[in-house]
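Participant: Dropping the structure in here first, questions after.
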Amino acid sequence: MARRMAKLALAATLAFGVFKGTEAGFDPQPGQLRPVFNQSAAVASDKKPAIREYRVPSAVIPTGVDEVWRVRIGSWEMANGGHHTFLEFAPYREISKANPSGNDVYQIQGIAMDNVRFTYAVLNFKDTDAYTRYASGDYVLKAFGVNQDHNRKVFGKEPMSYVDLYYGSKDDVLKMYLDALNLTEAINRKSDSYELLDHNSNSVQRTLLDGLGLPVPGLYAPHHLNTMTNDRIWTPGMELSLLPQDWDRQKLREKSDYAKLSGDMLEAAARAASPGADVSVWAPERAAGNPKVPKLKPR
């Protein structure tokens, strides 16, 4: 309890912008990122600033592929300098800024859930319930995949940055998405306590990056508190990987139902595996017969 309250006090201080932290030795290699100019979002408008977009040098657009897809990590600001990250699997050629990939976008999000009331966690610390529930250990870390731009449609947030990590065919990227969903299931089974600064949604993304063999971009600097002065973004929790010790991506894929799928059948499998947070995050508790878990609504 004392440890959690100390972290809560620090997080609240950060949220109000009065803590001046120090860098903790994270220095990305020069030239690690390259700009991306493949869409209108990279151009500022009178109403909104441009979304900062980059790619890692290892991400190379393949030749001889009918439709190039990508895996990218993005972020938006939750509190004074602290960002929430997410992983996105979608076509490289975007349709529009408001609906970048039409209905083809797939995202994986980490989220805090209330393990007592089986609802979303209250993280607005102007609400006293947020303090008492967090301090009591009611919040757990969960993860889920969705077939939509969850940031804009549900969170109501405009991403502030993206880094492209991988380019490949549609089948390649969709299978990577389904591989990553195996990791979200492992996270949901553990249902560990949610910690604001070091065991949170960014830890989910770090886990996915490690599990898929993708690099952690230097733009998202773990434990870097004075990021706004040097064009980097503070993502607390990114330094913590939750990757299971027995994780074997290739073995799990070979045993999966999607390993030999392609085209429309693979896409149908990806959509079926993306029912959203209400279904996914409580799947282990529902399978165990916990009577407090809300019943699923007919789809």
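What follows draws every value from the coordinates through simple rules; no lab data is involved. The shown structure was predicted, so the numbers you read here are calculated from the model rather than taken from an experiment.
Participant: From largest to smallest, what semi-axes in whole angstrom does the range 99-180 give when each is the square root of 5 times an eigenvalue of its alpha carbon gyration tensor? List each step's numbers first, then the result.
Facilitator: Numbers: eigenvalues 194, 45, 23 Å².
Equivalent-ellipsoid dimensions as semi-axes: 31, 15, 11 Å.
Participant: In sequence order, what are the phi-derived ³J(HN,Hα) couplings for the range 157-170 according to the Karplus relation 6.51 cos²θ - 1.76 cosθ + 1.60 with θ = phi - 60°, rounded to whole Hz, with x for glycine and proline?
Facilitator: For the range 157-170, the Karplus-derived couplings read 10, 8, x, 9, 7, 9, 10, 6, 10, 7, 10, x, 6, 4 Hz, x marking Gly and Pro.
Participant: Under the rule of at least 5 residues apart or a separate chain, name every residue whose amide H is placed under 5 Å from the amide H of Y54.
Facilitator: Residues meeting the criterion, in which the H sits 1.01 Å from N, are V36, Y162, V163, D164.
Participant: Still on this structure, I have one more. What aspartates and glutamates does K126 reach when the alpha-carbon gap must be under 20 Å and sequence neighbours fewer than 8 apart in one chain are set aside?
Facilitator: In chain and number order, the partners are E77, D114, D138, E195.
Participant: Above 18 angstrom, tally the Cα pairs of the range 248-299 and express them as a % of all pairs, no decimals.
Facilitator: Details: 680 of 1326 pairs.
Above the 18 Å cut-off, the range 248-299 has 51 percent of its Cα pairs.
Participant: Related question: Quick check: convex hull of the Cα atoms in the range 164-208, volume per residue, rounded to a whole Å³? All intermediate terms of the calculation are to be shown ahead of the outcome.
Facilitator: On the way: hull volume 3.0 nm³, N = 45.
Expressed per residue, the convex hull around the Cα atoms of the range 164-208 is 67 Å³.
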